[in-house]
Amino acid sequence: MAVDPLTDPERGGSFPRLHRLRRSARMREWLAETRFDSGRTVYPIFVRPGTAPREKLESMPGLFRYSAEDGARHAGEAFEAGVPAVLLFGQSGHKDARGRGAYSPDSAVTKCLRTIKQNWPSLVVLTDVCLCAYTDHGHCGVWSHGAVDNDATLEILQKVAVAHVRAGADFVAPSAMMDHQVGHLRSALDRAGFPGAGILGYSAKFASSFYGPFREAEGSAPTEGDRRGYQLDSRNGREALREIELDIAEGADMVMVKPALPSLDVIARARDRYHVPIAAYQVSGEYAMIKAAADRGWLDARAAAVESLAAIHRAGADVIVTYFALALARWEQELHE
Ligand code: PBG
């Protein structure tokens with residue numbers, strides 16, 4: 001029988017010893033293939049109308065819902081800790097069937113934006129463009145006879161995007177999953193004189209149970225039906241790539257995959273195939289799972305967060321939208337103290 005020289009004990013058992021690459025923390029740091037830090041994060045912030053003090057989000061421990069001014073202060077605090085970008089989510093005090101509050105020039109989002117840009121002009125601000133926190137039925141678009149009216153929704157989303165960019169948004173992030181929303185926003189922004197404003201498409205957005213805590217935070221759960229008629233089916237990876245491809249063709253400057261950890265295959269395939277920056281959204285449920293398990297002492301929140309972010313980045317995400325952004329920046333500061 002032929003002897004495998006690599007495993008022959010007579011020859012010292014010189015099989016490949018990968019442990020040689022992992023012998024010390026310094027060596028592991030030296031050889032790390034990827035590095036993720038808070039400089040690649042986007043921090044979501046929830047604002048709402050009025051001046052009431054910040055409120056805890058019960059299903060997202062450690063996070064709050066802010067007034068516009070307080071939200072801007074919190075964004076500034078994150079920026080000063082090292083977070084380069086925030087994603088603003090608003091909601092309406094007066095929800096209606098068509099989500100008109102979403103494009104009010106005095107919405108919580110536009111007020112927050114103006115205050116951020118006055119005080120921290122180089123903080124990158126993205127805004128979520130969707131109607132679900134502004135409609136009385138909780139759908140992401142106009143709801144008619146049990147389905148979303150795609151084309152009627154597009155016109156409203158255009159108004160929302162223009163209102164946000166007029167107030168100072170650097171990027172608008174359409175998350176309604178309406179067909180051709182990116183193309184419509186691009187033409188509306190160009191017509192309104194904002195060719196420099198960017199679009200981050202929530203291109204591959206799966207209908208996901210992991211958005212549960214967010215819907216509680218935003219009060220945006222649908223009162224009838226669900227979002228499966230417009231968001232992606234989680235079984236479909238190729239269809240997710242088609243969504244991304246269309247958004248790029250329509251002019252998206254960046255594309256996003258969400259939720260993140262359940263979609264690593266899509267992130268990796270998109271990374272190979274397309275050359276725009278790719279974002280991934282570590283969503284509310286991904287955050288809540290880690291926090292809830294950590295509260296019970298079942299895992300270490302910091303280690304689990306850092307590991308998940310590393311995996312999402314390794315799969316190919318350039319930037320990650322994460323509720324851990326500010327915590328991550330603070331953990332990094334601790335390491336340097
Ligand atoms: C708006 C929107 C949602 C999320 C981001 N934008 C909710 C949804 O589509 O139901 C989810 C974010 C999260 O869970 O953290 N449509």
Test result for PHE194, in a loop (DSSP other than H, G, I, E, B), among the aromatic types (Phe, Trp, Tyr) and either within 15 Å of the ligand (Cβ to nearest atom) or closer than 28 Å to ASN119 by Cβ (or both): yes
Yes or no: region 173-180 includes at least one residue that is away from the ligand (no atom under 13 Å from the Cβ), open to solvent by 30 Å² or more (accessible area, probe 1.4 Å) and touching a residue at least 24 places away in the same chain (Cβ under 8 Å). yes
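Select from region 197-225 the residues that are among the charged types (D, E, K, R) and more than 16 Å from VAL172 (Cα to Cα) and write down the one among them that is nearest to the ligand (Cβ to nearest atom). Step through it out loud before you land on a result.
Taking region 197-225 and keeping what is among the charged types (D, E, K, R), we get 205, 215-216, 218, 224.
Cutting the leftovers down to more than 16 Å from VAL172 (Cα to Cα) gives us 215-216, 218, 224.
Working: ARG215: 6, GLU216: 10, GLU218: 7, GLU224: 15 Å.
So the residue we want is ARG215.
Considering every residue within region 307-314, establish whether at least one is within 19 Å of GLU58 (Cα to Cα), surrounded by 24 or more Cβ atoms within 10 Å (Cβ to Cβ) and among the aliphatic types (A, V, I, L, M).
Here is the first cut: in region 307-314, the ones within 19 Å of GLU58 (Cα to Cα) are none.
Within region 307-314, not a single residue is within 19 Å of GLU58 (Cα to Cα), surrounded by 24 or more Cβ atoms within 10 Å (Cβ to Cβ) and among the aliphatic types (A, V, I, L, M).
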I'd like to check something: does region 124-144 contain any residue that is open to solvent by 20 Å² or more (accessible area, probe 1.4 Å), among the polar types (S, T, N, Q) and either within 22 Å of ARG228 (Cα to Cα) or away from the ligand (no atom under 16 Å from the Cβ) (or both)? yes
From the list ARG242, ARG271, ARG238, which one is basic (Lys, Arg), within 19 Å of the chain's Cα centre (by Cα) and assigned to a helix (DSSP H, G or I)? ARG271
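I'd like to know if region 208-216 contains one or more residues that are polar (S, T, N, Q) and either open to solvent by less than 50 Å² (accessible area, probe 1.4 Å) or touching a strand residue (DSSP E or B) at 6+ places or on another chain (Cβ under 7 Å) (or both). Outline the logic, then answer.
Here is the first cut: in region 208-216, the ones polar (S, T, N, Q) are 208-209.
Next cut, either open to solvent by less than 50 Å² (accessible area, probe 1.4 Å) or touching a strand residue (DSSP E or B) at 6+ places or on another chain (Cβ under 7 Å) (or both) only: 208.
Scanning region 208-216 turns up at least one residue that is polar (S, T, N, Q) and either open to solvent by less than 50 Å² (accessible area, probe 1.4 Å) or touching a strand residue (DSSP E or B) at 6+ places or on another chain (Cβ under 7 Å) (or both).
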Cβ pairs under 7 Å, 6+ apart, first in region 86-104 and hydrophobic (A, V, I, L, M, F, W, C), second surrounded by fewer than 21 Cβ atoms within 10 Å (Cβ to Cβ) and part of a loop (DSSP other than H, G, I, E, B): VAL86/LEU123; ALA97/ASP136; ALA97/HIS137
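The values are calculated or read from the model by the stated rules, or taken from the named source; none is laboratory data. All figures in this text were calculated on a predicted structure; none of them were measured in a lab. Please note: Cβ atoms are built from the backbone with ideal geometry, for glycine as well, and neighbour counts cover all protein chains shown. The accessibility values were calculated without ligands, DNA or RNA, using every heavy atom of the protein model including side chains. Shrake-Rupley method; radii C 1.70, N 1.55, O 1.52, S 1.80 Å.
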